[in-house]
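J.: Just dropping this structure here.
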Amino acid sequence: MKTWVYIDHFKGEVQVASWEALGLGKSLGAVTAIVLGSGVDAVAKAAFEYGADEVIVVDDASLADYRAEPFASTFSALASSSTPDLILLPTTARTRELSAMCAVDLNSGVLTDVSALSVDGDKVTVTRPIYEGKVLEKTVCNAKPQFVTLRGRAFPKPAQEAGRTGAVTKAEAKADVKSSVEGYSATEAAVNIGDAAVIVSGGRGVSNNPSLGDEKAAAEKGFALLGELAGLLGGAVGASRAAVDGGFITYAHQVGQTGKVVAPDLYIACGISGAIQHLVGMRNAKLIVAINKDAEAPIFKQARFGVVGDLFAVVPALTVALRKRLGK
Amino acid sequence: MKIIACIKQVPDSEAKVKAENGQVTWGDAPLVINPFDEYAVEGALQQKEANGGTVTALCIGPETAREALKHALAMGADEAILVSDPALNDIDSVGAARVLAAAINKIGGADMVMFGRQTLDNGAGVTPPQTARVLGWPMLGWVGQIKVDAGSVQVERVLEEGRQTVKANLPAVLSIVQSIGEPRYPSFMGIRKASKAAIPVWSVAELGVSVPAAVVTRVEISNPPTAETVCEIIAGETPEAIAETLADKILAEKVL
Ligand SMILES: Cc1cc2nc3c(=O)[nH]c(=O)nc-3n(C[C@H](O)[C@H](O)[C@H](O)COP(=O)(O)OP(=O)(O)OC[C@H]3O[C@@H](n4cnc5c(N)ncnc54)[C@H](O)[C@@H]3O)c2cc1C
């Protein structure tokens with residue numbers, strides 16, 4: 001089976017799930033990595049180190065900023081001339097769009113957000129959660145190439161083998177200019193809660209500490225406490241929608257139905273009540289810990305460990321206790 | 001300014017959806033407009049208010065999907081069209097995109113077509129870009145702010161990495177996210193108007209397309225394994241004492 005893996009990156013910063021896709025591709029046989037962008041030599045180099053046998057690189061100034069159309073047209077042209085059977089991609093906002101459009105160009109189909117995959121000959125059957133994970137479906141794509149985007153952290157990340165190299169094939173970009181990027185404002189350091197092994201998440205409760213002033217002031221302090229704990233554990237800060245709507249933290253952090261679906265090893269929910277729309281975003285975490293003032297909060301039904309208490313007292317104490325044990 | 005908002009009807013997110021005898025069931029839980037699509041309708045109405053024009057709600061679905069269209073009408077959409085045909089029961093996303101594109105052309109095109117980011121049922125989020133591709137229009141995904149200016153549109157895309165400002169010529173396809181603002185509640189007048197509105201139903205034949213054969217097909221559905229979690233409440237005299245116990249418990253799970 002001819003397998004390609006698309007390495008998704010933002011200005012050279014690779015989405016970790018791209019390496020997970022490469023690891024999965026590798027387990028099926030030889031694998032070709034596809035890298036599109038401008039000045040992406042380092043990405044191609046890393047692709048070899050994570051297991052690619054061949055890397056096809058399209059390095060072109062017109063691909064400096066991701067835009068759906070030139071990326072899709074370039075990728076479709078590559079795939080129609082080399083006819084891969086299976087194309088694996090990490091699941092991101094970009095790859096959903098890219099694979100969707102290429103599936104139209106190539107008269108094929110796309111299976112998104114896949115959590116398991118099995119192969120029989122050159123036929124792939126995938127498992128994907130539907131109805132917000134309430135039901136699992138097994139689906140197939142009856143045309144080639146089969147586009148499959150993988151859910152982050154559903155497949156193991158391969159080890160990086162420093163210095164491993166291979167043959168780079170250069171290809172041409174295809175012009176398909178329908179939009180232009182006028183600007184880009186990083187409101188803060190890039191947040192990708194989808195990749196994080198640990199998420200410390202805050203809800204409306206993070207703004208509830210009158211001794212610190214108004215809600216905004218309390219939330220600033222509250223999220224700083226969560227950030228310290230997340231930092232100690234090498235994790236990221238998540239949030240409920242109430243915290244995002246309150247203006248306490250940006251949308252990129254939101255976990256749940258209208259935010260992001262995450263599956264970290266550890267999820268610590270602080271001051272989050274546990275509404276269904278939040279639960280669908282995090283209930284696949286390996287270990288869930290809830291800290292909430294209200295013993296009746298539904299979040300406790302989802303958690304393995306719970307603390308009924310004030311997060312402003314419990315979270316910093318937990319940071320201290322874990323720091324001691326981790327020797328950091 | 002002519003705007004089309006594409007919507008879908010789905011079981012409410014509180015619904016107990018499960019796999020039963022090879023079918024997805026949700027008991028008598030209510031069907032609602034896909035919550036993500038409410039943002040699309042909201043975005044469309046905001047643009048109508050800013051630039052004048054009309055908003056048409058468009059939906060592929062069974063007869064019951066009228067209710068979702070009525071919700072869009074009650075929010076303020078000017079008209080609604082239902083594409084309904086038993087032949088469409090098993091289409092995949094590329095098929096849906098081809099049918100939507102045909103319906104958009106039959107409406108007479110548009111300046112902007114707006115979608116929600118994804119649906120609650122399938123959750124793939126691929127129909128908006130696929131519709132854009134079939135139409136050959138630019139795709140602007142995950143949009144939180146829209147400004148139209150003489151034949152072009154500038155949007156702010158809300159991405160993981162930050163906010164990206166992108167400009168494209170009209171017509172264009174947009175998918176809208178929560179940052180557009182809270183969807184408005186249907187007004188009393190809106191509900192009355194919606195209840196009286198005639199919603200034309202188009203069949204595939206009327207669209208002049210053949211039913212696209214599904215390339216993606218489902219072979220099995222199942223219920224996810226239910227992990228019975230029993231929550232262990234960690235108690236203690238002081239937050240510090242609780243934290244000490246909790247830290248030990250977390251480390252014992254070997255997730256760090
Ligand atoms: C269409 C739709 C989509 C949605 N999508 C999402 C989504 O993607 N993500 C999401 O999260 N929500 C989503 N929601 C909203 C969801 O229904 C809830 O309203 C939201 O999750 C509540 O957030 P919360 O738990 O932070 O706030 P609340 O429900 O207000 O809970 C706050 C909790 O904090 C506790 N608390 C207060 N002070 C403290 C303190 N000092 N210490 C400890 N605990 C404290 C309280 O006991 C309470 O349990 C959506 C809703 C709709 C209708």
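The values are calculated or read from the model by the stated rules, or taken from the named source; none is laboratory data. Quick caveat, the model's predicted, so the values are computed rather than measured. Note that we place each Cβ from the backbone using ideal geometry, even for glycine, and neighbour counts take in every protein chain shown. Note: accessible area is taken over every heavy atom of the protein model, side chains too, but ligands, DNA and RNA are not part of it. Shrake-Rupley method; radii C 1.70, N 1.55, O 1.52, S 1.80 Å.
J.: Given the residues A:THR95, A:THR91, A:THR83, which is the only one that is in contact with a helix residue (DSSP H, G or I) (Cβ under 8 Å, 6 or more places away or on another chain) and among the hydroxyl-bearing types (Ser, Thr, Tyr)? It would help to see each step written out before you state the result.
T.: Details: A:THR95 fails: in contact with a helix residue (DSSP H, G or I) (Cβ under 8 Å, 6 or more places away or on another chain); A:THR83 fails: in contact with a helix residue (DSSP H, G or I) (Cβ under 8 Å, 6 or more places away or on another chain).
Selected residue: A:THR91, the only one of A:THR95, A:THR91, A:THR83 that is in contact with a helix residue (DSSP H, G or I) (Cβ under 8 Å, 6 or more places away or on another chain) and among the hydroxyl-bearing types (Ser, Thr, Tyr).
J.: Across the range A:299-316, what is the total count of residues that are farther than 25 Å from A:PRO210 by Cβ and either open to solvent by 20 Å² or more (accessible area, probe 1.4 Å) or touching a residue at least 24 places away in the same chain (Cβ under 8 Å) (or both)? Outline the logic, then answer.
T.: Narrowing the range A:299-316 to residues farther than 25 Å from A:PRO210 by Cβ: A:301-305.
Next, only the ones that are either open to solvent by 20 Å² or more (accessible area, probe 1.4 Å) or touching a residue at least 24 places away in the same chain (Cβ under 8 Å) (or both) stay: A:301-304.
Qualifying residue count, the range A:299-316: 4.
J.: With respect to B:PRO224, determine if the residue is more than 9 Å from chain A (Cβ to nearest Cβ) and either under 30 Å from B:GLY95 (Cα atoms) or part of a strand (DSSP E or B) (or both). Working first, answer last.
T.: On the way: more than 9 Å from chain A (Cβ to nearest Cβ): no; either under 30 Å from B:GLY95 (Cα atoms) or part of a strand (DSSP E or B) (or both): yes.
For B:PRO224, the condition - more than 9 Å from chain A (Cβ to nearest Cβ) and either under 30 Å from B:GLY95 (Cα atoms) or part of a strand (DSSP E or B) (or both) - is not met.
J.: With (1) within 15 Å of A:ALA290 (Cα to Cα); (2) within 10 Å of the ligand (Cβ to nearest atom); (3) within 14 Å of another protein chain (Cβ to nearest Cβ) as the list, and A:SER201 as the residue in question, which single condition is left unmet?
T.: (3)
J.: Within the range A:119-134, work out how many residues are among the β-branched types (Val, Ile, Thr), more than 22 Å from A:VAL104 (Cβ to Cβ) and over 21 Å from the mean Cα position of the chain (by Cα). Show your work before the answer.
T.: So in the range A:119-134, the residues among the β-branched types (Val, Ile, Thr) come out as A:119, A:124-127, A:130.
Retained after the next criterion (residues that are more than 22 Å from A:VAL104 (Cβ to Cβ)): A:119, A:125, A:127.
Next cut, over 21 Å from the mean Cα position of the chain (by Cα) only: A:119, A:125.
Within the range A:119-134, residues that are among the β-branched types (Val, Ile, Thr), more than 22 Å from A:VAL104 (Cβ to Cβ) and over 21 Å from the mean Cα position of the chain (by Cα) number 2.
J.: Taking the range B:210-221 as the search range and keeping residues that are open to solvent by 50 Å² or more (accessible area, probe 1.4 Å) and more than 8 Å from every other protein chain (Cβ to nearest Cβ), which one is farthest from A:VAL148 (Cα to Cα)?
T.: Checked the range B:210-221; the qualifying residue farthest from A:VAL148 (Cα to Cα) is B:SER210.
J.: List the pairs whose first member sits in the range B:223-251 and is more than 21 Å from A:ARG325 (Cα to Cα), whose second member is part of a loop (DSSP other than H, G, I, E, B) and open to solvent by 90 Å² or more (accessible area, probe 1.4 Å), and whose Cβ atoms are under 9 Å apart, counting only residues at least 6 apart or on separate chains?
T.: Close Cβ pairs satisfying both conditions: B:PRO224/A:ASN284.
J.: Mind counting the residues in the range A:95-123 that are of a type in the set (A, V, I, L, M, F, W, C), at the interface with another protein chain (Cβ under 7 Å from one of its Cβ atoms) and open to solvent by 10 Å² or more (accessible area, probe 1.4 Å)? Before the answer, list the steps.
T.: If we filter the range A:95-123 for residues that are of a type in the set (A, V, I, L, M, F, W, C), which is where we start, we get A:98, A:100-104, A:106, A:110-111, A:114, A:116-117, A:119.
Then drop every residue that is not at the interface with another protein chain (Cβ under 7 Å from one of its Cβ atoms), which leaves A:100-101, A:103-104, A:110-111.
If we keep only those that are open to solvent by 10 Å² or more (accessible area, probe 1.4 Å) too, we end up with A:104, A:110.
Result for the range A:95-123: 2.
J.: Can you run down the residue pairs with Cβ atoms below 7 Å, 6 or more apart or on separate chains, where the first is in the range A:197-224 and in contact (Cβ under 8 Å) with a residue 24 or more places away in the chain and the partner is open to solvent by 40 Å² or more (accessible area, probe 1.4 Å) and of a type in the set (Asp, Glu)?
T.: Final answer for the pair search is A:SER207/A:GLU215.
J.: Still on this model: Which residue pairs have Cβ atoms closer than 6 Å, lie 6 or more positions apart in sequence or on different chains, and pair a first residue in the range B:149-161 that is part of a loop (DSSP other than H, G, I, E, B) with a second residue that is open to solvent by 20 Å² or more (accessible area, probe 1.4 Å) and modelled with pLDDT of 95 or more?
T.: B:GLY151/B:LEU170
J.: Identify the residue in the range A:251-260 that is facing another protein chain (nearest Cβ under 9 Å) and either assigned to a strand (DSSP E or B) or near the ligand (Cβ under 9 Å from one of its atoms) (or both) and, among all such residues, is most open to solvent (accessible area, probe 1.4 Å).
T.: To start, the set of residues in the range A:251-260 that are facing another protein chain (nearest Cβ under 9 Å) comprises A:251-252, A:254, A:257-260.
After this cut, where a residue has to be either assigned to a strand (DSSP E or B) or near the ligand (Cβ under 9 Å from one of its atoms) (or both) as well, the list is A:254, A:257-260.
Details: A:GLN254: 5, A:GLN257: 24, A:THR258: 11, A:GLY259: 12, A:LYS260: 44 Å².
Ranking the candidates gives A:LYS260 first.
J.: Let me ask something else. Spot the failing condition for A:PHE248; the list is (1) open to solvent by 20 Å² or more (accessible area, probe 1.4 Å); (2) not in a loop (DSSP other than H, G, I, E, B), and only one is missed.
T.: Looking at each condition in turn, A:PHE248 falls short on (2).
J.: Separate question: Give the residue that is least open to solvent (accessible area, probe 1.4 Å), with candidates limited to residues of the range A:264-282 that are more than 12 Å from the ligand (Cβ to nearest atom) and closer than 20 Å to A:THR91 by Cα.
T.: Looking at residues that are more than 12 Å from the ligand (Cβ to nearest atom) and closer than 20 Å to A:THR91 by Cα, I get A:PRO264.
J.: Which one is surrounded by the most Cβ atoms within 10 Å (Cβ to Cβ) among residues in the range B:227-256 that are at the interface with another protein chain (Cβ under 7 Å from one of its Cβ atoms) and assigned to a loop (DSSP other than H, G, I, E, B)?
T.: Ranking the qualifying residues of the range B:227-256, first place goes to B:ILE234.
J.: Another question, then. Would you say A:GLU161 is touching a residue at least 60 places away in the same chain (Cβ under 8 Å), within 23 Å of A:VAL58 (Cβ to Cβ) and in a loop (DSSP other than H, G, I, E, B)?
T.: Details: touching a residue at least 60 places away in the same chain (Cβ under 8 Å): yes; within 23 Å of A:VAL58 (Cβ to Cβ): no; in a loop (DSSP other than H, G, I, E, B): yes.
So A:GLU161 does not fit the description; no.
J.: Still on this structure, please answer the following. Exactly one condition in (1) within 12 Å of the ligand (Cβ to nearest atom); (2) open to solvent by 10 Å² or more (accessible area, probe 1.4 Å) is not met by A:ARG323; state its number.
T.: With respect to (1) within 12 Å of the ligand (Cβ to nearest atom); (2) open to solvent by 10 Å² or more (accessible area, probe 1.4 Å), A:ARG323 is out only on (1).
J.: Now for a separate question. If you go through the range A:283-296, how many residues are buried (at least 22 other Cβ atoms within 10 Å of the Cβ) and within 10 Å of the ligand (Cβ to nearest atom)?
T.: Result for the range A:283-296: 3.
Listed here are the residues, each with its yes/no results for (1) within 14 Å of chain B (Cβ to nearest Cβ); (2) of a type in the set (Val, Ile, Thr); (3) within 13 Å of the ligand (Cβ to nearest atom).
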site	(1), (2), (3)
A:GLY213	no, no, no
A:GLU228	yes, no, no
A:GLY234	yes, no, no
A:GLY246	yes, no, yes
A:VAL262	yes, yes, yes
